[in-house]
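What follows is calculated from the coordinates using simple rules that are stated; it is not laboratory data. Only a predicted model underlies this, so the values are computations on that prediction, with no experimental measurement involved. FYI the Cβ positions are ideal-geometry reconstructions off the backbone, even for glycines, and counts take in every protein chain you see.
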Amino acid sequence: MSETTEFALTRRAFAGAAAIGALAAIAPSAVAADRGADAVERPLSGKPGSFWPNGARLAISISLMFEGGGQPISGAGGPLSEPIKPGFSDQPTNTFFAYGTNEGIPRALDLFDKHDIKVTSFMIGKAIEQNPDLAREIVKRGHEPGAHGPTWSASYDLPREQEKAFIKESVDTIKRITGQQPVGWNAFWLRNSIHISETLQDLGFLYSIDEPSRDEPFIIPVRGRDFAMVPYTIHMNDFLFPFQGYDPAGHEQSLRDEFDQLYEEAATRRRLMVIGMHDRVSGHANRIRVLDRFFKYAKSHDGIWFARKDEIARWALSQRQNTPIVHRLPPAESGLP
């Protein structure tokens, strides 16, 4: 995708027919010049406490990936640098994934309980079929189940109806095991086909997290209806803090710096801090200690809302006047395969 073109349009810009006419004249030509560009309606800055429920100043959202057991027998990747020959079962890597369900998720759930934090767990169908009691425990403790595919594999290169069936299979598995219908989607490595927004809308999803493009939720109009994006994070993702040479103090400082900057900006605009956790990574004992200290630090500030992603999506959709609206070309006009 080429560099994003943004139009900083405020509610004031829409005051009067002339302004609306000017927008209609400008936006199509700009998008035509760059077929990958977004046209963005950006709301006005507001007053502290005006962007989140109950006057909260900053929202923090955590993704907990439930992937252990959903990976292929080889080629999944892990902390071992020497790859195994294709077609052979990679036992060390598979047991590395198993750590997440044996130790990581239970330990993370206890940490969330300690701080009264609710998160969203993106579940792979095959993984929760192997660990149904753990999936049900996540939901029992008040966390949101999100869909992450039936297996830990890509779907962006599938024909449209096959991609829909792939996603629906994971939805059906989560509903059957946990009793809850997932409304949020996360793709394998964030990669989706160009039809994904329409497909997710057809399947009853409210939002996707497959974009790291903003520090706030935003809305994409899809066939005349709003669809929410609750951004993912790459730089606040546990994969960026590897096992070899792991620096707990550096990890904690990164979390604090991210928090401090967003908390400062949140005085005048909606801000969202996102933390990415994987069952087999963040669930290790020393990393849980880092998160424990960070949660204490964050909660020592006024106006912090630890929120599930479905809560954030619903709030953004209900507060359309304070949420960026991102206009994109429909798939048939995108010029992509």
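A compact table of results
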quantity	calculated
Separation of the residue 256 and residue 115 label points, Cα + 7 Å toward Cβ, nm	1.4 nm
Linear extension gain, residue 211 paired with residue 175, 0.36 nm per residue minus alpha-carbon span	10.5 nm
Segment 93-152 shape via C-alpha gyration tensor axes, a/c threshold 1.5	oblate
Extension gain, residue 234 back to residue 201 (0.36 nm per residue minus Cα-Cα distance, nm)	9.4 nm
Rounded FRET efficiency, nearest 0.05, which uses the C-beta distance separating residue 156 from residue 327 and R0 of 22 Å	0.50
Ranking of 235, 143 by count of other Cβ atoms within 10 Å, fewest first	235, 143
Alpha-carbon centroids, segment 203-273 and segment 97-122: separation in whole Å	19 Å
Three-way shape label, segment 53-320, alpha-carbon gyration tensor, a/c 1.5	oblate
Violating pairs (Cα-Cα greater than 20 angstrom) within the set 85/126; 140/168; 140/296; 140/175; 118/168; 118/299	85/126; 140/168; 140/296; 118/168
Fewest-first ranking of 157, 202, using other Cβ atoms within 10 Å as the exposure measure	157, 202
Global geometry of segment 203-290, whether rounded, prolate or oblate, following the gyration tensor of its Cα atoms and the 1.5 cut on a/c	oblate
12 Å beta-carbon shell around residue 126, net charge (K/R +1, D/E -1)	-3
Calculated FRET value between residue 301 and residue 140, using beta carbons and R₀ = 35 Å, to 0.05	0.75
Label point distance in nm, residue 285-residue 191, each placed 7 Å from Cα along Cα→Cβ	3.8 nm
Counted charge near residue 224, where neighbours are those whose Cβ lies closer than 15 Å (Asp, Glu -1; Lys, Arg +1)	+1
